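Asker: One structure coming up, written as structure tokens, with questions to follow.
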């Protein structure tokens with residue numbers, strides 16, 4: 001246990017081998033997403049998962065990270081999994097006592113110092129008011145917008161907000177006889193893996209966004225909180241999307257379409273059908289996410305074709321050891337500039 005003697009509470013890190021403890025903090029939080037869970041962090045390939053926990057009386061804050069070593073140094077940094085994470089608590093962030101948040105800050109700073117951490121990066125969750133806690137540190141960064149479909153409105157109102165082209169493409173897919181079903185076996189997961197690989201190659205995605213069949217099998221097997229939904233045309237899988245459920249939020253995690261069928265827009269048909277499934281499950285929001293790199297690009301505009309419900313998206317970029325950070329950036333050949341949207345900058349590959 002990493003105990004901070006400067007506060008009246010205690011702080012410690014929960015690791016993957018403490019599954020029950022990790023799950024307890026997540027499941028007892030008033031707000032959390034699938035991205036916070038032990039199951040999802042078990043899949044992480046780019047760091048050692050750790051859940052930092054600060055406890056004070058009957059209150060706690062838990063913050064999941066991936067611990068990464070910095071090559072050729074004795075230092076580390078903290079990053080987050082692919083998705084929307086940030087801190088969680090058994091209280092709403094708007095209701096947290098100021099003194100409690102400051103005690104959390106002191107405990108976390110001590111944790112960073114003792115652990116030789118240089119920097120911290122985390123994507124925050126657009127639905128939770130985590131920014132109130134992060135402001136006690138500084139380093140809050142506006143990162144663009146994300147799009148969500150509000151499933152608490154009537155289905156008629158939801159459809160009314162679809163763009164004309166979105167409605168037209170959905171209707172065309174229905175006329176063409178496309179069917180949506182849940183993946184049932186390993187063969188279905190393999191079919192989606194091939195679609196996903198094809199899509200990543202087509203858009204020339206970095207290695208970070210590549211996931212293999214083993215990853216998808218582990219994510220989807222015996223998991224009631226994640227589904228793979230497929231679109232079929234005459235028995236052929238032409239489109240698919242992984243959906244994650246937690247509380248009243250449904251995340252559109254990954255989506256891929258067979259290249260030959262892109263012109264028919266089966267992904268639009270799939271998103272609409274998934275929204276109907278969400279309604280049956282009592283989901284309030286179907287979160288579609290943002291653009292590539294959270295830019296307001298063509299992908300973002302595509303998602304706006306379903307909804308005008310837009311959320312601010314933020315990241316936390318904190319430098320725990322400025323002297324070491326600046327030295328690492330210099331050694332990497334990069335130059336610190338407000339025009340460079342990359343953190344931590346010392347991990348950016350120079351051309």
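Asker: Return the residues of the range 151-167 that are closer than 17 Å to residue 267 by Cα and exposed (fewer than 13 other Cβ atoms within 10 Å of the Cβ); say none if nothing qualifies.
Answerer: Passing the criteria: 164, 165.
Asker: Within the range 156-175, how many residues are in contact with a helix residue (DSSP H, G or I) (Cβ under 8 Å, 6 or more places away or on another chain) and farther than 13 Å from residue 307 by Cα?
Answerer: Qualifying residue count for the region: 5.
Asker: Same structure again: Among the candidates 217, 262, 288, single out the residue that is touching a helix residue (DSSP H, G or I) at 6+ places or on another chain (Cβ under 6 Å) and surrounded by fewer than 21 Cβ atoms within 10 Å (Cβ to Cβ).
Answerer: Selected residue: 217, the only one of 217, 262, 288 that is touching a helix residue (DSSP H, G or I) at 6+ places or on another chain (Cβ under 6 Å) and surrounded by fewer than 21 Cβ atoms within 10 Å (Cβ to Cβ).
Asker: Here is a further query. Given the condition free of Cβ contacts under 8 Å to residues at least 24 places away in the same chain and under 21 Å from the mean Cα position of the chain (by Cα), answer yes or no: does some residue in the range 247-258 qualify?
Answerer: yes
Asker: Right, another one. Among the residues of the range 306-316, write down those that are surrounded by fewer than 19 Cβ atoms within 10 Å (Cβ to Cβ) and within 18 Å of residue 164 (Cβ to Cβ).
Answerer: Residue satisfying the conditions is 308 alone.
Asker: Could you please let me know if residue 19 is under 23 Å from residue 289 (Cα atoms) and in the same structural domain as residue 77 (by TED's automatic domain parsing)?
Answerer: In short, no.
The values are calculated or read from the model by the stated rules, or taken from the named source; none is laboratory data. No experiment lies behind these values; they were computed from the predicted model shown. Backbone-built Cβ (ideal geometry, glycine too); neighbour counts: all protein chains shown.
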